[in-house]
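Trainee: Can you keep this structure in mind? I'll have questions shortly.
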Amino acid sequence: MAENDASTEVDPEREGDDAYGLSARAVARIMQAVDTGDRALLLRESEPLHAADIADLLEQVNASDRHRLIALFGKDFDGDVLAELDESIREDVLATLSPDVLATAVRDLESDDVVDLVEDLERDQQDAILDALEDSDRAAVEQSLTYPEYSAGRLMQREVVMAPEHWSVGDAIDYLRNHDDLPEQFYHIILVDPRLHPVGNVTLGRIMAARRDTPLKDLVEETFHLFKVTDDEADVAYAFNQYHLISAPVVDEDERLVGMITIDDAMTVLDEEHEEDILRLGGVGEGSIADPVLGTSKRRIVWLVVNLGTAVLASVVISQFEETIAKLVALAVLMPIVASMGGNAGTQSLTVAVRALATKDLTRSNTWRFILREGAVGLINGLALAIPLGLATGALFASAPLGAVIAAALIINIFAAALSGTLVPIVLDKLGIDPALGSGVLVTTVTDVVGFFAFLGLAALVLQ
């Protein structure tokens with residue numbers, strides 16, 4: 001299951017498949033091998049695929065096919081697949097692997113991947129994986145598990161290439177050539193002082209381009225960031241993205257080098273943070289398409305119940321104007337327009353605000369400027385939409401006052417939507433609550449209540 005070499009020729013039988021990822025034809029051929037028990041065909045079809053593609057396949061098929069596929073792989077199951085699996089099926093896959101296959105698989109993983117693999121497992125499954133590791137690797141993983149969840153200590157890998165700060169380029173090259181236990185991928189050599197305090201990074205490219213007698217300290221990068229084992233992984237990912245880091249050392253409470261974080265792990269955290277925000281904005285929480293029905297239902301129904309409560313609140317507002325609606329049926333026809341437009345405008349401001357908070361673009365110094373900006377956008381868009389809607393409504397129902405009422409209500413509601421879509425996530429963030437978690441429901445409540453109250457209230461005053 002190794003990655004394709006860039007120079008590999010295209011198999012004529014594979015023409016029409018996607019250049020990257022898992023194609024439908026590849027899935028069909030692999031499942032044909034599973035159905036016929038043809039192990040040679042399975043290995044031949046899976047050989048060009050990346051471990052992430054195999055993980056995708058295991059996530060897409062049902063549990064029975066997943067078990068048969070793993071059994072057919074046997075001792076050739078690639079440990080890197082475990083690091084790519086969605087958490088929802090990871091335990092099932094681990095339970096399916098035989099002890100000897102599991103032992104071989106986890107020994108091939110980097111320490112950070114092993115930590116990610118075991119941290120959410122039950123104790124018996126954790127022990128099964130830890131028992132498969134060599135004593136030194138097990139000690140390193142157990143040490144990482146003592147650090148706080150979602151911290152740099154959990155994210156880092158223990159495999160580090162370091163060199164004394166007095167070494168030359170020649171010393172470093174000789175060291176690299178004479179050691180066969182180096183990490184599979186690394187981008188820097190970390191310079192340390194006699195107390196193992198990191199003092200700088202040197203890229204492999206600069207080492208290869210320099211003379212052998214060049215001191216490594218003359219080649220250190222200008223941008224050098226240290227992270228502590230207790231730093232939040234979200235802050236680490238932000239720093240990698242903000243300062244264009246490739247890798248960075250991690251130190252313990254005594255400032256001694258204990259590990260390294262690479263860009264692939266940092267970007268994975270960043271992607272997870274963004275995905276989590278999107279899911280929470282939609283009121284579905286964390287989860288995947290492989291999750292069981294009952295668990296998915298339990299997560300979603302909570303926010304549906306909250307939405308039901310806010311809908312009842314909006315209906316209470318409407319009930320206060322029963323007589324007004326009874327006198328002019330057109331109000332019932334036009335009410336949804338005001339509420340719907342406000343909801344859309346609120347979602348726009350909310351999305352921008354949550355994104356700005358997540359990326360730390362929205363700070364104390366520019367908060368009010370951002371709020372005023374969104375309010376101004378709301379007013380402009382409200383006016384731009386209210387004028388044609390008011391004219392059309394007045395012409396359609398032969399009532400200029402009715403057109404003026406809906407135009408005014410639309411301006412009020414879109415302005416209120418823009419402000420609430422901005423203020424609600426900011427306030428939640430100040431209170432220490434994830435702004436993506438409950439903002440959507442609160443903003444929808446504001447736009448519904450304000451929209452109905454403004455429209456029906458103005459109608460009761462003007463159209464009586």
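Just so it is clear, none of the values below were taken in a lab; they were calculated from the coordinates. The model shown is predicted, which means the values in this text are computed figures rather than measured ones. All Cβ positions, glycine included, derive from the backbone under ideal geometry; neighbour counts span all protein chains shown.
Trainee: Dipole of the chain (Lys/Arg Cβ +1, Asp/Glu Cβ -1, origin at the Cα centre): which of Thr146, Ala239, Val199 lies farthest to the positive side?
Mentor: Ranked along the dipole, the leading option is Ala239.
Trainee: Stokes-Einstein D for the stretch 31-132 at 4 °C, 1.567 mPa s, Kirkwood Rh over Cα pairs, in µm²/s? Numbers along the way, then the final one.
Mentor: Working: Rh = 13.8 Å.
Estimated diffusion coefficient is 94 µm²/s.
Trainee: Another question about this same structure. Is there a quick way to get the dipole size of the stretch 162-281? I mean about its Cα centre, with the Cβ of Lys and Arg at +1 and of Asp and Glu at -1; what is the value in debye to the nearest 20?
Mentor: Numbers: 9 positive and 27 negative charges, 163 e Å.
Value, rounded to 20: 780 debye.
Trainee: Also: Can you give the extra length, in nm with one decimal, that the chain gains between Thr268 and Asp35 once fully stretched, where that is 0.36 nm per residue apart less the Cα-Cα distance?
Mentor: On the way: separation 233, 0.36 × 233 = 83.88 nm, distance 3.45 nm.
Length difference between fully extended and current span is 80.4 nm.
Trainee: Restricting attention to the stretch 358-446, which trypsin sites (Lys or Arg not before Pro) occupy a DSSP loop and are surrounded by at most 15 other Cβ atoms within 10 Å? Intermediate values should be presented prior to the final figure.
Mentor: Values: sites: Lys360, Arg364, Arg369, Arg373, Lys430; in loops: Lys360, Arg364.
For trypsin sites (Lys or Arg not before Pro) across the stretch 358-446 that sit outside H, G, I, E and B with at most 15 neighbouring Cβ atoms in 10 Å, the list reads Lys360, Arg364.
Trainee: While we're looking at this one, here's another question. Show that you can apply the helix-only estimate: for the chain, add -39,500 (n - 2.57) for every DSSP H stretch of four or more residues, divide by all residues, and state [θ] at 222 nm to the nearest 500. Present the calculation step by step, with values, prior to reporting the outcome.
Mentor: On the way: 21 runs with 294 residues, N = 464.
Mean residue ellipticity at 222 nm (helix-derived): -20500 deg cm²/dmol.
Trainee: For the chain, calculate the relative contact order in percent as a whole number, restricting contacts to Cα pairs under 8 Å that are 6 or more residues apart. Don't skip to the end; give the middle numbers.
Mentor: Details: 629 pairs, mean separation 48.5, N = 464.
Relative contact order for the chain comes out at 10 percent.
Trainee: Taking 0.36 nm per residue of separation and subtracting the Cα-Cα distance, what length does fully extending Met208 through Asp181 add?
Mentor: Working: separation 27, 0.36 × 27 = 9.72 nm, distance 2.00 nm.
Length gained, Met208 through Asp181: 7.7 nm.
Trainee: Hey, another quick one. Just in the stretch 129-204: which GluC sites (Glu not before Pro) are loop by DSSP and have at most 16 other Cβ atoms within 10 Å?
Mentor: Values: sites: Glu134, Glu142, Glu149, Glu159, Glu165, Glu184; in loops: Glu134, Glu149, Glu159, Glu165, Glu184.
Here the GluC sites (Glu not before Pro) that fit, given the DSSP loop and packing criteria, are Glu134, Glu149, Glu184.
Trainee: Between Ile173 and Asp434, what is the spin-label point distance in nm, taking each point 7 Å from the Cα along the Cα→C-beta axis?
Mentor: Result: 5.0 nm between the two label points.
Trainee: Still on this model: Expressed as a whole number of Å, what is the distance separating the alpha-carbon centroids of the stretch 402-464 and the stretch 101-178?
Mentor: With the stretch 101-178 and the stretch 402-464 each reduced to a Cα centre, they are spaced 51 Å.
Trainee: Suppose we keep just the alpha-carbon trace of the chain; what are its Rg and Dmax in angstrom?
Mentor: For the chain, the Cα-based Rg and Dmax read 29.4, 93 Å.
Trainee: Ok, one more. List the trypsin sites (Lys or Arg not before Pro) in the stretch 153-255 that DSSP assigns to loop (not H, G, I, E or B) and whose Cβ has at most 13 other Cβ atoms within 10 Å. Which are they? It would help to have the intermediate numbers written out before the result.
Mentor: Working: sites: Arg154, Arg158, Arg177, Arg195, Arg206, Arg211, Arg212, Lys217, Lys228; in loops: Arg158, Arg195, Arg211, Arg212.
Filter output for the stretch 153-255: Arg195, Arg211, Arg212.
Trainee: Given +1 on the Cβ of Lys and Arg, -1 on the Cβ of Asp and Glu, and no further charges, what dipole in debye does the chain carry about its Cα centre, rounded to the nearest 20? Numbers along the way, then the final one.
Mentor: Working: 33 positive and 78 negative charges, 667 e Å.
Roughly 3200 debye, rounded to the nearest 20.
Trainee: Grab the beta carbon distance between Ile380 and Glu322, set R0 = 45 Å, and tell me the FRET efficiency rounded to 0.05.
Mentor: Values: r = 35 Å, r/R0 = 0.77.
Efficiency at R0 = 45 Å is approximately 0.85.
Trainee: Per residue, how much space in cubic angstrom lies within the convex hull of the C-alpha atoms of the stretch 162-281? Write down the numbers at each step before the final one.
Mentor: Values: hull volume 12.8 nm³, N = 120.
Hull volume over Cα atoms, normalised by residue count, gives 107 Å³.
Trainee: Once the piece of chain linking Ala71 and Arg123 is laid out straight, how much longer is it, given 0.36 nm per residue of separation minus the C-alpha distance between them?
Mentor: Details: separation 52, 0.36 × 52 = 18.72 nm, distance 2.41 nm.
Extra length available between Ala71 and Arg123 comes to 16.3 nm.
Trainee: Mind checking which helices in the chain clear 20 Å along their axis (Cα) and have mean Kyte-Doolittle hydropathy of 1.6 or more, DSSP H runs only?
Mentor: Numbers: long enough: 263-281 (27 Å, -0.43); 293-319 (37 Å, 1.31); 330-358 (43 Å, 1.23); 367-396 (43 Å, 1.14); 400-430 (45 Å, 1.77); 435-462 (39 Å, 1.79).
Long hydrophobic helices here: 400-430, 435-462.
Trainee: Give me the Debye-computed log₁₀ of I(q)/I(0) at q = 0.09, 0.20 Å⁻¹ for the stretch 293-462, equal point scatterers on Cα only, no solvent, two decimals.
Mentor: Each listed q maps to, in turn, -0.35, -1.20.
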